[in-house]
Amino acid sequence: MLAMNRTNILGLAFVAVVVATIFSSCHDKRSRGLEYAPNMYYPIAYNPDQKNPIFANGISAQVPPPGTTPVGFTRFDEFPNTPEGYAAASTGITSPLTVTKKNLLEGKQLYLAFCSPCHGEKGMGNGHIVELGKFPAPPSYSTGNSSRGGAMKDLTDGKIYHTIQYGLNLMGSYASQLSPEERWKVIMYVHQLQKPQ
Ligand code: HEC
C-alpha cells in the first residue's frame with residue numbers, strides 16, 4: 001500500500017513538472033521557457049534597437065551630433081566623388097606611410113586579394129576574370145591611360161586613394177573592404193606596378 005502511494009506521488013510530481021515546463025514555455029511564443037543566467041539575455045544597458053524614454057525621440061541608437069567624427073574614423077568628405085574632388089585629392093593628400101619592405105609586402109598581399117582579379121598580378125590589366133572574358137580590361141598601370149585623362153603611371157597617391165574610396169565606372173568602391181591604412185599600403189604597391197615592367 002505504502003509502495004503504491006510512493007509511486008503515485010512520484011508520478012504526480014513528474015506530471016506536475018512536465019505541465020509546468022510546458023506552460024512556462026507557452027505564454028510567449030518567442031520564449032524558450034527556462035533560461036539559464038537570464039541577465040546575459042537582458043542586460044541592464046539599452047540595446048541599440050530598444051525603445052528609450054530618456055531621449056525625446058524614444059530611440060536608443062542616436063544619430064551622432066553633426067560635425068562629430070567617430071574615434072579612429074578618417075573623414076574624406078572634403079574630397080567628394082566629383083572631378084573636382086578627384087583633382088583636389090591629387091594635390092591634397094599623400095601617404096602617411098613610409099616605404100618599408102613590410103608595408104610593401106602587406107600592400108602586395110592586399111593588392112593580390114582585392115585588385116589583381118581585374119588589374120592582373122603585374123597591373124597590366126589582364127587579371128583572371130578579364131582573361132576569362134567576364135570583364136573588360138582596365139588600363140595597365142605602367143603603359144595605359146586613365147579615362148579621366150593622363151597616363152596611369154602618373155596617378156598620384158590622392159588619385160588612387162580617391163579611386164579606392166569611390167570606385168570608377170565599372171570598378172566598385174573598396175572603402176568597406178580596406179581600412180585607410182590598408183589602402184595606403186595597396187597604393188604603395190600600385191606605385192611599384194606603375195614603373196616600367
Ligand atoms: C572588378 C574589377 C576591378 C577590381 C577588383 C579593381 N579594379 Fe581598379 N579599375 C577597374 C576598371 C575597369 C578600371 C577602369 C575604369 C574606367 O576608367 O572607367 C579601373 C581603374 C582603376 C584605377 C585608375 C583610376 C583613374 O583615375 O583612372 C585605379 C588607380 C585602380 N583601378 C585601382 C584599383 C585598386 C587599388 C584596386 C584594389 C583595391 C582595384 N582597382 C580593383 C576594375 C577593377
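The values are calculated or read from the model by the stated rules, or taken from the named source; none is laboratory data. Only a predicted model underlies this, so the values are computations on that prediction, with no experimental measurement involved. A quick note on method: Cβ atoms are made from the backbone with ideal geometry, for glycine too, and the neighbour counts reach across all protein chains shown. The area values use the complete protein model at the heavy-atom level, side chains included, leaving out ligands, DNA and RNA. Shrake-Rupley method; radii C 1.70, N 1.55, O 1.52, S 1.80 Å.
For the reader, a short list of remarks on this structure follows.
- Any hit, the range 126-134, residues being among the β-branched types (Val, Ile, Thr), over 20 Å from Tyr86 (Cβ atoms) and in a helix (DSSP H, G or I): yes
- Condition met for Lys29 (surrounded by fewer than 10 Cβ atoms within 10 Å (Cβ to Cβ), in a helix (DSSP H, G or I) and out of contact with any helix residue (DSSP H, G or I) (no Cβ under 6 Å at 6 or more places or on another chain)): no
- Within the range 154-180, residues that are within 22 Å of Pro136 (Cα to Cα) reach partners that are among the aromatic types (Phe, Trp, Tyr) and in a loop (DSSP other than H, G, I, E, B) with beta carbons closer than 7 Å, at six or more positions or on different chains, in the pairs His162/Phe79; Ile164/Tyr174; Gln165/Phe76.
- All positions within the range 133-186 that are more than 9 Å from the ligand (Cβ to nearest atom), more than 24 Å from Glu106 (Cβ to Cβ) and within 28 Å of the chain's Cα centre (by Cα): Lys134
- Any hit, the range 76-83, residues being away from the ligand (no atom under 13 Å from the Cβ) and over 17 Å from Thr163 (Cα atoms): no
- When the range 75-118 is limited to residues that are open to solvent by 80 Å² or more (accessible area, probe 1.4 Å) and not in a helix (DSSP H, G or I), the one that is nearest to Gln177 (Cα to Cα) turns out to be Arg75.
- Complete set of residues in the range 135-173 that are surrounded by 15 or more Cβ atoms within 10 Å (Cβ to Cβ) and part of a loop (DSSP other than H, G, I, E, B): Phe135, Ala137, Pro138, Pro139, Ser140, Tyr141, Ser142, Thr143, Gly144, Ser146, Leu155, Thr156
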